[in-house]
1. So what's the projected area for the stretch A:58-186, the Cα convex hull averaged over all directions, in nm²?
2. Could you report the accessible area of residue A:453 in Å², rounded to 10, computed with a 1.4 Å probe on the protein chains as they sit in the structure?
3. If you count only protein heavy atoms with a 1.4 Å probe, what accessible area per residue comes out for the stretch A:565-714, rounded to a whole Å²?
4. Quick one: which of A:165/A:320; A:31/A:122; A:445/A:466 span more than 26 angstrom between C-alpha atoms?
5. Around residue A:120, what is the net charge, scoring Lys/Arg as +1 and Asp/Glu as -1 over all other residues with Cβ under 14 Å from its Cβ?
6. Relative contact order for the stretch A:180-241: what is it in percent, counting Cα pairs under 8 Å that are at least 6 residues apart?
7. From largest to smallest, what semi-axes in whole angstrom does chain A give when each is the square root of 5 times an eigenvalue of its alpha carbon gyration tensor?
8. In terms of Cα to Cα distance under 20 Å, which lysines are near enough to residue A:608, apart from those fewer than 8 places away along the same chain?
Amino acid sequence: MTTPPQETVNTHEDRYHPQPIEEKWSAAWQKDSQLYVAEPPSSAKKKYYVLEMLPYPSGALHMGHVRNYAIGDALARYMWMRGYNVLHPMGWDAFGLPAENAALKNNTPPREWTLANVASMKAQMNRLGFSYDWSTEVTTCLPDYYRWNQWFFLKMYERGLAYRKNSKVNWCPECATVLANEQVIDGCCWRHEDTKVEQRELEQWFLRITNYAGELLNDLDQLESWPEKVRTMQRNWIGRSEGATVDFALEHAGPVAEKISVFTTRIDTIFGATSLQLAPQHPVVAGLIANNPELLAKVDALISEQRSAKEAGEIGPVEKNGVFTGAYAINPFNEEQLPIWVANYVLMEYGTGAIMSVPAHDERDHEFARKFGLEVRVVVLPRRTSEPPESGQEEAPMLTSTSEESLLINSGDFNGLSNLDAQKKMSQHAEEHGFGKSAVSYRLKDWGISRQRYWGTPIPILYCEKCGVVPEKEENLPVLLPEDIEITQQGGSPLSRLPEFANARCPKCGGTARRETDTMDTFVDSSWYFYRYTNAKLNTAPLDRDTVDYWFPIDQYIGGVEHAILHLIYSRFWTKVMRDMGLISNSEPAARLFTQGMVIKNGAKMSKSKGNVVSPDDMVARYGADSTRMYALFAAPPDRDLDWQEQGVEGVHRFLGRVYRFFMRQAQPKNTQGNARLPGELSAEARKLQRKMHQTIAKITRDFEGRWHFNTCIAAIMELVNELYAAEPLIYSGKIPVQLIAEVQRSLALLLAPFAPYLAAELWSVLGETGVLLKQPWPPFDPALAKEESVEVPVQVNGKIKARIIVPADSSEGFTREQAMADTKVIAAIDGKELLKAIVIPGRLVNIVVR
RNA sequence: GCCCGGGUGGCGAAAUUGGCAGACGCACGGGACUUAAAAUCCCGAGACCGGCAACGGUCGUGUGGGUUCAAUUCCCACCCCGGGCACCA
C-alpha cells in the first residue's frame, strides 16, 4: 500500500510547465530523422495517406493552419498507433504574388524571402509537434518541382489540352495580372476584395478543363465521403444543362452567314419563339448591320454598357436593352419569320451566344418582349389550367418547369404532347431534318493559366519568326526562372523586360525566337503536389507509377472549404488528365475529404484589418503547443466554425496540468508493483474506474473511425481524469489497487497521444516506458468491462418524471415494469387513476400512461 | 431568386437509433489551504414560482402547427444568421 504524501497539495515541482517538456521532446523528435517516415510500398502494413492542404509560405502560421494541422496530426498519430503505414507529408505552395510585393517593399529577392518564410514556418510546425515526414517535403518554387509543371504543360500541349487564344480576360489592376474566372469574386479580385476586375483582350494560354466537364460532374456521385456542400458547389460551378441546338436560317443569307444556331433547354416551347436574340459580341451581328452606322453605334453602346456594368461590379440582372437588326430568320418548325435582335442579356460565353426568345415561358424574354412590344404566345399549358389565355396578353409569363406535367398547344403536329415527350420528339425531328440536335451546355469554362508575373513557373513555349508557336524540348527542361531580377512597380510581365530570358533560339529551326514571358497560375502547382510527395526526389519523372498506385487515392484530405471549387476542381481535372496519359491508375485524387470550419474571433474571421488576429506563437509561448492544439480540437466539432477564446485555452492548459500533477503524485512505473496483475476481485469503486476507462477508450476509438467529434473525445478524457481524482483517496485505503491505477495511466498516456503528443510522451516516460508512443498499439477496450452493471431508470407518469429506480443493466422489460410499479412515489402518482398502458424501454425509461 | 449549412443556459458546446435536455469546459458563486494573494483541491448552479430547508411545481432546444405514450431529433409552414451560385437560355 502506498503512503499518502505529506503534502497532498501541489508542490512547486509539481507545477505543469509545458515549455521545457515540449522543447525537450521536440528536439528529440527532430533528431530522429526516421521517426515519421513511411515504410516503402513493400510494407506488409495497410497504407494510410493523410494529407492536409499545403500552406502558402506567407511568413507565419495562423490559427486556421493550426486547426487544420491539429486535425490531420491527431488522425495521423491515431492511424500509426492502429498499425497502419502512414504517409503524412507537408510542403509549400511557394510561388505567388506576395513574394513579389515583399521584394518591392523590402528589396529582398522573392526566392530568398520565400525560403526564409519556409524555414520559419517549418520551425513553427516542428514546435507545434506535427508529425510530418520532411524527407518528402515539396517546395513548388524550386526547379526540381516546377520543371514537372512544364513537363505536364508540354504533354497537355501535345494532347491538345493546352492552347492559346486571344481572349477577353479578367484583369486585376492591383495584381497587374490576369485572373481565372474562379479567382473573381463578386466582380472583384480574390486577393483584393476592394479592387474591381477589369476586362482586357490578351493572348492567353488555356487548359481544356471543359473536355472533362462531364466526367468531373458525373464522378462527383462516387465521392460519397466528400462533404455534400462541396459536391453541390462543384455541381453548380460546372453547371450542366441538357437541351438542344437549333439552326435558324437567315431570311436573306448573306456573305457572313446562312444560319444562326441557338441553344435551348426548352425546345418544347419553340412554337412560342417570337424573336431571336444575339449577344452583342456574336460574330453574325457585325455582318447583319454592317451598312447601318446608326445600328453599329447602338450595338457598340450595348457592349460598353455591359462592360461598364461588369466593371462596376454589378451582379445579376440589369435593365434589359436591345436593338432590332432589321433582319429576319426562319423558325424551322413552322417557317415563321422571326425578327433578329441584339440584346444585352444574352451572353456570348454561354451556349452559342444566341437564343430563341419565348416571352410566354421565360421571365427574361417576357421582360424584354414587354419593353419592346414583341408578341407573347403561349404554347405550353400546365395540366392544372384549362383555358389557354389569349395571345398577346400582358400577364406574367407562364413559367412551367420541365418536371411539371404540361401540354403543348399552338404547336402544330406536336399539340397535345406533354412537354417531356415534346422535347424528345422535337429534338429528334430537328436532327432528322438536319437543322438541330440534342446538346449539352456547361457553365464551366477553360482554365486560363497565363499570368503576367515573375514569381511563377515559366511557360515552356517559344515564338519563332519562322515556325510560329514552338514548345520547348523536353530535354531542355526546366526552363529556369532567372533569379537576378529587379522587381519594379511596372505592370505587365517582368520577364519580358529581361532580354537574356526573352530572346532565345527556336528549338525547331535554331532561328531567332522570343520566349513566352508569362508564368503559370499557381493553382497549377497545387493541382498535383500530393503525387510528388510519394517520391519527391525522383529526377527522371514527376512520379513513379507503382509508388503512386500503392498510396493513392489519398485516404483523407483535410483543408478549408474555401478551396471547394478552385483547388479541388483543378486537382480532380489534373488527376483525370494524368490517368489518360497513362501515368496513374486512379481517377480521383482523394477518397475522403474533410473541410474544417473557420477560426473566428469575436464573431468575425481573424484579419489584420479587424485587429482580432491571435498568433499561434503567442499561444505556444503562454500555454504550450499541446494546450493550443488541444483547444483547437476541444472548442467545437472540427467541421464547425470555432470562436477563439483565450480563457478556453487556459482551461485546457489547466486540464493538462491536472493530468500531469496526478502522474507526478501517483505514477506507477513499469517494473514496480503497478505492473503486477490486477487482483481478481475488485471493489465497486475500482470497477467504476475500470469501467470508465474502457468506456473512454471505446468512445474515442469509435469517434476516430467515424464521427470525428474530437471535442467530445477530449471531454471524455476529462471525465476519466475527474474519475481518477475522485478515486485517488481510495488508493490509500486500498479500495483501489495500484495495479488498476497503472493500467489507467498507461491508457491515458496513449489516449492523449493524438491530441497532446508532448505531454503524452512525457507521461509515457514517467511510467518508465522507453518506446516511441507513435509505435505503441492503440489501447484496446473490453466491451464487457465497459458495460454498466446497474442503471438508473427514470419513471414517468404521463410523461413527467416521478421517480428513479436502480435496476441491473440487463433487466427485462417485465422486471423493470414491476420495479417501477412498486416504487412508492409512482404508487402515489397513479393512485386512484385508471392505468391505460405502461411503456418500458429496458435500461432507458418507463412511461406510465394513466387517466 | 436558387442551392447548401446553422439557430439549445451568461459563453463554447453535448445528447451516436424518437426515450432523463444542457455531458465536458469557460465565466460566476461558495468552501478548504495560505499571514495574504496566486496556484491547487472540493462543492454549487437552465429560468421562474413556493418553501428556513429537504423538496415540490411551472416553463424551457428560433416561431407556429402536426404525428407520438414520448420530439433538440420525424412531418408541414414560416422567421433569422452564415456560406455558395446568380441574366447560364
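1. Dividing the Cα hull surface by four gives the mean projection, 11.6 nm².
2. About 40 Å², ignoring ligands and nucleic acids.
3. Normalised by residue count, the accessible surface of the stretch A:565-714 is 41 Å².
4. Long pairs (Cα-Cα over 26 Å): A:165/A:320; A:445/A:466.
5. Result for the local shell: 0.
6. Answer for the stretch A:180-241 is 19 percent.
7. So the equivalent ellipsoid measures 62, 41, 22 Å along its semi-axes.
8. Straight-line reach from residue A:608, under 20 Å: A:105.
The values are calculated or read from the model by the stated rules, or taken from the named source; none is laboratory data. Since we're looking at a predicted model, the values are computed, not measured. Backbone-built Cβ (ideal geometry, glycine too); neighbour counts: all protein chains shown. Calculation scope for accessible area: heavy atoms of the full protein, side chains included, ligands and nucleic acids excluded. Shrake-Rupley method; radii C 1.70, N 1.55, O 1.52, S 1.80 Å.
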